[in-house]
Amino acid sequence: MGVEEKFPEVVTARLTDLVGWARKNSLWPMPLGLSCCAIEMMATVGPRFDLSRFGAEVFRFSPRQSDVMIVAGTLSWKMAGVARRIYDQMPDPKWVIAMGVCASSGGLYRNYAVVPGVDRIMPVDVYTMGCPPRPDTLIRAVMELQKKIAELAIDGRRPREPVLVQ
Amino acid sequence: MSPHDATPAGPGPGPAPVAAGAAPRFAAAVANPKVLRRELTLNERLFVGPFVKALWYTFTRMFRKDITRRYPEQKMEVKPTLHGVPVLVMKEDGAPRCVACGLCEFVCPPRAIDIQPGETDRPIEREPKTFVIDMLRCIECSYCEEVCPEEAIVMSTEYEVVGRRREDFVWDLKKLLKPAQELAARIAWVRKTYKRWDAAAEIAPPPGGVFRDPRWAGRERPVDSH
Amino acid sequence: MTTLTERIVTVADLPQPPGEGDLHSEPMELSMGPQHPATHGVLQCKLILDGEKIVRIDPVMGYLHRGKEKHAEHMTYQQFFTLTDRLDYLQPLANEVGWALTVEKLAGIEVPARAQAIRTIICEFMRLSAHLVWAGIGGVDTGAVSMFMYAFRDREALFDLLDELTGLRTNQEYLRIGGVGTDLPAELIVKMKAWIADFPAHIDQFELLLTGNRIFHQRMRGVGQISAAQAIDLGVTGPCLRATGVGVDLRRARPYLLYPQLEFDVPVGTRGDAYDRYLVRIEEMRQSTRILKQLLDQLPAGDWIAKDWKNVLPPKGRVYTSMEEMIHQFKTVTDWCPPKGEVYQATEAANGELGFYLLSAGESHPYRVKIRSPSFINLQALKPMAIGAWFGDIVAIIASLHFIMGECDR
Ligand code: SF4
Ligand code: SF4
Ligand code: SF4
């Protein structure tokens, strides 16, 4: 008769699960508000959508205190170096949400000035469609990221070993 | 012609200069502007009264009904005007209604659409061999819907598209094609709106969702007299 | 073999502590931005400080340059609406109105009365939307954090109305050359009226929280003051100019749309400081509701897009059935060419004079578009306002100037 029969979920949960659970419910975003999408990002924090229901309302303007960067807006080549430096300053594990078509692919701007997708300069975990995405879509992206974090190993960047199902 | 000549620099109603320093250069300044500015009252300078009032205001908000929409459970009310992602309308036989005319490809501001036309043996000969919309380019502007001469591309009600890989956002025919019944509300809206000033141009929606002009009943494709 | 030299260190060799007379430090260089919550987007300010005093400020822009003017040369006139939306993204539709008026002036298109009224309505809604964001963000910048919640509460209600009209929350590609995209339905007019009836009470609440608050008052009063002559020399327009006492409003000075027929006051300030700019914006919100009330009560009936077969897409029902209209549709979409010429059209946007200069070579694309963006020109006033001010005031100055970098860098 083991403990796991009495408290099956609690005690026998793997440490990885616990860490993943804690991480995904306390995301501290670093809002890289560059342009129009930033306004919708503010609306997401605002009263109607209230991102704090997902534990992600603590917007930190210092990269050192945050673990998910929301790139909201058009990234120009002039800004690209700055954005990369901000990303480098964030402590691991860190994730990136590309909000809006501009951040995801350059969107409307196929020209000399705009980076065609922030994945040129940093790894992106979740892409979001829309110009700007509705706050609903951003919340969905946060949920998708939470799902992804729960699937990660304890170091935060590597997916867990696949579980073999017989 | 200098740019400023082109604007009708006519004086507004009641032109008269206001601020003395600015008068000569702005003859068109409004006659009686509303001057704002007041000093703080004694009560306000003592600070406590208004401060408590403002705190009280915020405090009372706590007992109001909140306006938060709890998103994943409580979705937004979908109206036919909503611009979701653009999708293609499927005919009854499963083929796209699109004839690969390329007009949407031309008009799309971010150039999100890519069409390769092909030929078929059916009465409507042209159809797209590949039809790709890059959803990470699309800005949901609905221009493609407005210009399509076949009512083949409409905005759907799907608006929350997220993903982890960029490839997932490149939608091809398989993903884009939606049966006309699903899009009926939007198609009706398109018909109503884009008839513009011409009430006579309204044609009753055909049964089954596939467009067929009553004047050309029995023929697959209207052959115009010109 | 090395020789060791011995030297006695004396007090004179130590670095000298500062004497009584020279307590002030060296000028300090400080870079604020481009990622800074108070710079409203991506503006970098290179500051040189003497203690807490600003002795020099150099704004560095271009972090949001998106090449819009160049882009315009490759886009049709209709497509360029998508880029004007994203100029001042707090008021996308007002920018669209500016571009539509420019193109229509060039092509000489008559816009029906109802379309003009709808355009005026959305212009005023956009002014409200921009000022609401300003009130929210300006409140946060000066320490009144709850203002953000109240301002966005009202803005969400406003967005619900626009969402229902256009299908998108922001950056609605709603205007068409010759009119608007869809009609304003009757049930929406009822909802708009209800919103407008509520809204003045909400402005009173904003004022309760800010205007009479002594902290806010001291934070804003006398900060970033410029004179009327200085503002005119710099080309400042909009609320920032009116705060200095110059009652210039393009809605009155060079009327467009239905503004000549409408009753509204132009608020002006007296001193041109941040507090005046705040008061002017709050009063403009009141005037906008007044305008909206007048418009919604007497919205003219009729077409919402010009009945103009040469310039507007033909009715869709006919496109499906008739070859002529089909060809017309193709021709209008791909090859709509206004005549050769150049025009300049300015409108009063929330931040000031938003002008489009358009040079057409008679092709389907503009030959050159120059955008006179109010934010860019108002930004120049940052220098005279900030020099000599305290470092803590710079946030209040930026908040009250309220430039939008999307419009500034274009
Ligand atoms: S995706 Fe659209 S809304 Fe977002 S920054 Fe780009 S242009 Fe602006
Ligand atoms: S909605 Fe606009 S951006 Fe999207 S595919 Fe259609 S035309 Fe292109
Ligand atoms: S405009 Fe319509 S018919 Fe023409 S290619 Fe596009 S979807 Fe097909």
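Some notes on this structure:
- C:ALA151 fulfils the conditions (1) outside any helix (DSSP H, G or I); (2) within 14 Å of chain A (Cβ to nearest Cβ); (3) of a type in the set (Gly, Ala, Ser) except for a single criterion, (1).
- Evaluating B:VAL147 against the criteria (1) more than 11 Å from ligand 3 (Cβ to nearest atom); (2) more than 26 Å from A:THR128 (Cα to Cα); (3) buried (at least 17 other Cβ atoms within 10 Å of the Cβ); (4) not acidic (Asp, Glu) leaves one unmet condition, (1).
- Looking across segment A:97-142, just one residue is under 23 Å from C:HIS74 (Cα atoms), within 7 Å of chain B (Cβ to nearest Cβ) and within 15 Å of the chain's Cα centre (by Cα), and that is A:SER104.
- Failed item in (1) farther than 30 Å from A:ILE139 by Cβ; (2) away from ligand 3 (no atom under 13 Å from the Cβ), with B:TRP189 passing the rest: (1)
- Criterion: within 17 Å of the chain's Cα centre (by Cα) and of a type outside the set (Val, Ile, Thr) - qualifying residue of C:PRO339, C:PRO374: C:PRO374
- Which listed residue, of B:GLN74, B:GLN116, is over 30 Å from A:SER52 (Cβ atoms) and free of Cβ contacts under 8 Å to residues at least 24 places away in the same chain: B:GLN116
- Of all the listed residues (C:GLY247, C:GLY179), the sole one being more than 20 Å from the chain's Cα centre (by Cα) and under 28 Å from C:ALA117 (Cα atoms) is C:GLY179.
- Test: residue in segment B:156-163 that is in a strand (DSSP E or B), touching a strand residue (DSSP E or B) at 6+ places or on another chain (Cβ under 6 Å), without any contact (Cβ under 8 Å) to a residue 24 or more places away in the chain and within 12 Å of chain A (Cβ to nearest Cβ): yes
- When residues of segment C:283-299 are limited to those that are of a type outside the set (A, V, I, L, M, F, W, C) and out of contact with any Phe, Trp or Tyr (no Cβ under 7 Å at 6 or more places or on another chain), the one surrounded by the most Cβ atoms within 10 Å (Cβ to Cβ): C:GLU284
- The residue pairs whose first member lies in segment B:95-106 and is farther than 13 Å from B:VAL147 by Cβ and basic (Lys, Arg), whose second member is at pLDDT 85 or above and near ligand 3 (Cβ under 6 Å from one of its atoms), and whose beta carbons are closer than 7 Å, counting only pairs six or more residues apart or on different chains, are B:ARG97/B:ALA152.
- For C:ASN311, the conditions (1) farther than 30 Å from C:GLY235 by Cα; (2) without any contact (Cβ under 8 Å) to a residue 24 or more places away in the chain; (3) touching a Gly at 6+ places or on another chain (Cβ under 6 Å) are fulfilled apart from (2).
- Within segment B:110-132, the set of residues being more than 16 Å from ligand 1 (Cβ to nearest atom) and either within 20 Å of C:LEU313 (Cβ to Cβ) or surrounded by 14 or more Cβ atoms within 10 Å (Cβ to Cβ) (or both) comprises B:ILE113, B:ASP114, B:ILE115, B:PRO117, B:ILE124, B:ARG126, B:GLU127, B:PRO128, B:PHE131, B:VAL132.
- The set of residues from segment B:116-153 being touching a strand residue (DSSP E or B) at 6+ places or on another chain (Cβ under 6 Å), within 27 Å of C:LEU175 (Cβ to Cβ) and either more than 14 Å from ligand 2 (Cβ to nearest atom) or outside any loop (DSSP other than H, G, I, E, B) (or both) comprises B:ILE133, B:ASP134, B:CYS144, B:GLU145, B:ILE153.
- Listing of helices (runs of 4 or more DSSP H) fully contained in segment C:179-243 that carry 2 or more residues being touching a Cys at 6+ places or on another chain (Cβ under 9 Å): none
- Being assigned to a loop (DSSP other than H, G, I, E, B), among the charged types (D, E, K, R) and modelled with pLDDT under 80 is a description that applies to C:GLU20.
- Output for segment C:196-215, where each listed residue is closer than 17 Å to C:PRO267 by Cα, within 11 Å of chain B (Cβ to nearest Cβ) and hydrophobic (A, V, I, L, M, F, W, C): none
- Failed criterion for B:VAL107 (all others in (1) within 13 Å of ligand 3 (Cβ to nearest atom); (2) crowded, with 22+ Cβ neighbours inside 10 Å hold): (2)
- Residues in segment C:221-258 that are facing chain B (nearest Cβ under 7 Å) and among the basic types (Lys, Arg): C:ARG252, C:ARG254.
- B:VAL170, sole failed condition from (1) buried (at least 21 other Cβ atoms within 10 Å of the Cβ); (2) within 13 Å of ligand 2 (Cβ to nearest atom); (3) more than 13 Å from chain C (Cβ to nearest Cβ): (1)
- Test result for C:GLN218, farther than 27 Å from C:ARG372 by Cα and within 8 Å of another protein chain (Cβ to nearest Cβ): no
- Unmet requirement for B:LEU88, which otherwise passes all of (1) more than 11 Å from chain C (Cβ to nearest Cβ); (2) more than 16 Å from ligand 3 (Cβ to nearest atom): (2)
- C:PHE81 touching a residue at least 12 places away in the same chain (Cβ under 8 Å) and within 14 Å of chain A (Cβ to nearest Cβ): yes
The values are calculated or read from the model by the stated rules, or taken from the named source; none is laboratory data. Keep in mind that this is a model prediction, so the values were computed, not measured. Backbone-built Cβ (ideal geometry, glycine too); neighbour counts: all protein chains shown.
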